[in-house]
């Protein structure tokens, strides 16, 4: 059996040979190179699990870099479309669609996180990809944000049963106490349309493929992953900041 020291040495030599300055042939001759490559190949064949581990590690680094380069845009909320502690030490960003049943399932998890964690800031990003009706609901939500009633509208949209359509959106506008005339005007607002377009472009840039998608720290979590997984990601992001 190949021991760990031998493998580590072989891998290090391969890296030196392939990545160092100058001609690798000047440092390792053909016979030694063939022996090293044979050792590494034999180890990979016996332990194929290291391949997905390596790929996952590379992907994690790529995601971290992608999020870091877009951090400000991701975490800067549309005015009013935010919950929790406005000066929280960790920000959870949720991309969602009102017509998405998985977003509805995850809504209670986010509300519980806000209730349980006084240092958590939540940014809501309307990401209407499922239907024209969900796009209209998203526009109404941004109108609610500009009226200082985003959460009242947002919570009712997810907590009121029924298919998302114009009639239901109008009913929620009324029950949330929004100014109906202003909201009707806002449904065609170029500024609010631009905000939705920005969210969609940002989601595509981040490679998001569906809703809900949560971003916290250097992690992207797709789907209704549940309270425990979200809480763990928040704790990890908080620990990373403290390190």
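Key figures
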item: Rg/Rh ratio calculated on Cα atoms of the stretch 87-180 (Kirkwood radius); result: 0.96
item: Within the stretch 80-96: backbone nitrogen closer than 12 Å to the residue 119 label point (7 Å, Cα to C-beta); result: 88-91
item: Contour excess over end-to-end distance, with Cα ends at residue 229 and residue 241 and 0.36 nm allotted per residue; result: 2.5 nm
item: Viscosity 1.567 mPa s, temperature 4 °C, Stokes-Einstein D of the stretch 71-242 from Kirkwood C-alpha radius, µm²/s; result: 81
item: Cα centroid of the stretch 211-243 to Cα centroid of the stretch 123-199, whole Å; result: 26
item: Gain on full stretching of the segment that runs from residue 72 to residue 205 - 0.36 nm per residue minus C-alpha separation; result: 46.5 nm
item: Ratio of the Cα radius of gyration of the stretch 141-243 to 2.2 N^0.38 Å, where N counts its residues; result: 1.31
item: Distance in nm between pseudo-label sites at residue 41 and residue 108 (7 Å out along the Cβ direction from Cα); result: 5.6
item: Calculated FRET efficiency for the pair residue 65/residue 188, C-beta based, R₀ 41 Å, to 0.05; result: 0.60
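No lab work stands behind these numbers, since they all come straight from the coordinates. Note that the coordinates shown come from a computational prediction; the quantities given were computed from them, not determined experimentally. Quick reminder, even Gly has a Cβ in these numbers, built from the backbone with ideal geometry, and neighbours come from all protein chains shown.
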